[in-house]
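Accompanying notes for the structure given below.
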Amino acid sequence: MNVEKADEKKDYNPFEHRKVEKPNSDIRSTANLIKASLGSGLLAGPLAFANAGWGVGLFGTILVGIICGHCIHILVRTSQRCCVLEKKPSLGYAETCRSAFSNGPKAVRKFASTASVFAEFSLLCTYAGVCCIYTVLISDSIKQLVDRFAPSTILPVEYYCLITLVPIILLCQIKYLKFLAIFSGIANILLVATYIICLYYIFSGDISFEGKVAAGHPARYPAFLSTVIFAMEGVGVVMPIENTMKKPQNFLGCPSVLVVAMSAIVFLYGTLGMFGYLRYGNVLRGSITLNLPTDEWPAILAKMSIALSIFLTYPLQFYVVIDIFTRYTQKHIKVNYRQVTQVIARTVGVCCCVGIGMALPLLEQIINIVGSLFYSILGLIIPAIIETVFRWENLGKWNWILWKNLFIGLFGLLCLVSGCTVTILDIIEILHRKTV
């Protein structure tokens, strides 16, 4: 049995064999995990609550937070046990998938390479999508400010996507998570400042349950789930964060990096989502900062802060994309050309993400597509599958692990299908209105 084999090989401690060039402290790792999950997703919380209703929204946020946190836990735990079995210091997301299948039942071992490639492809698409969302959110925020203070210079949001291209390219040349953690810390401070300003405007107005429903129309629940999953999941950077920690044993447990980060994420999302909905009702936009006034300095500061916060977070999300590229190409590139190749690859990658954002600048819909399609696969379905495969010969009393993971897998599949369906219908309706 794989779990027993891992226990038998505990003389090999993967943490002792890790040689990280620039390891992160627990505080920096927590900051990276919080910032990887929150951002545009946090500010989309009130719109999510408008789709679900305040009662369903609050319960759903806590439930999804628990499920997402558990999925991250089983992913990291499985990865650590695979490290023991294979006597490797660390494994990435896709490598964990391959190892789980390779050490699973004989019938599934032949699918190990397929599982790895599928995971890599999902990661690539997910974080490319996140970068597209960040491009649109930064551009939307800048456009609002320019439209307010320079009304004679009214430009489409696509132009602002193009204007942000060069600064983003330069920032994405940073290679080490240790240095990105500094930007994540600054971005977290700016995000908290934006959060506080949003609460100021929320509580300075009329907060009323009148006209606000506890349970919205069930047809809009998939849009709520898509947005919440997008906000909660930072699963793509979980393994890089855990693998580069100075004390990786502190990632799991209680209290731990994961528990502290997920608790903060659920609290921030739940409070802003609920009170934002009670304040603004159904007129909410993809980011609550876009609902704030454009002629008051606190609101202007919030719009500037979130734009800068998302800008500083961009390279952390792009890290996953370039990490996949590097692992597949580095062995085919001569050492003398690797530095130049990295610069070119990062430049081209950012250009592609910005180009996609320009082609479809629909913030709410892109968030829902990425959340429902890619994050459901990466954050829910794949972790449930790999734990089941890895522990197939020891699924606990009454096979509770199998039943638990079956529930998670079906929940992820439901979010995927229903979320994509509702979002595609929304996009068709918006495009139809524009052409009429």
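What to note about this one:
- The listed residue being surrounded by fewer than 22 Cβ atoms within 10 Å (Cβ to Cβ), on the phi < 0 side of the Ramachandran plot and either among the hydroxyl-bearing types (S, T, Y) or in a helix (DSSP H, G or I) (or both), out of S113, S99: S113
- The stretch 165-185 - residue that is crowded, with 21+ Cβ neighbours inside 10 Å and modelled with pLDDT of 85 or more and, of those, nearest to Q342 (Cα to Cα): C172
- Qualifying positions in the stretch 316-337 - basic (K, R) and surrounded by 13 or more Cβ atoms within 10 Å (Cβ to Cβ): R327
- Residue match in the stretch 418-429 (condition: assigned to a helix (DSSP H, G or I), surrounded by fewer than 23 Cβ atoms within 10 Å (Cβ to Cβ) and among the hydroxyl-bearing types (S, T, Y)): yes
- Sub-6 Å Cβ pairs linking a first residue in the stretch 102-113 that is over 11 Å from F390 (Cα atoms) to a second residue that is charged (D, E, K, R), at least 6 apart or interchain, are A112/R98, ordered by first then second residue.
- Subset of the stretch 12-45 that is part of a loop (DSSP other than H, G, I, E, B) and at pLDDT below 70 - its residue that is surrounded by the most Cβ atoms within 10 Å (Cβ to Cβ): G39
- Considered as a group, the residues in the stretch 279-318 that are of a type in the set (S, T, N, Q) and assigned to a helix (DSSP H, G or I) include one that is nearest to the chain's Cα centre (by Cα), and that residue is Q317.
- Hits in the stretch 188-217 (condition: within 17 Å of Y277 (Cβ to Cβ), in a helix (DSSP H, G or I) and either in contact (Cβ under 8 Å) with a residue 12 or more places away in the chain or under 28 Å from the mean Cα position of the chain (by Cα) (or both)): Y195, C198, L199, Y200, Y201, I202, F203
- First in the stretch 145-161 and under 16 Å from I300 (Cβ atoms), second anywhere and polar (S, T, N, Q), Cβ under 7 Å, 6 or more apart: V146/T153; R148/T294
The values are calculated or read from the model by the stated rules, or taken from the named source; none is laboratory data. For clarity, every value in this text was computed on a predicted model and none was experimentally measured. As a convention, Cβ positions derive from the backbone with ideal geometry for all residues, glycine included, and neighbour counts pool all protein chains shown.
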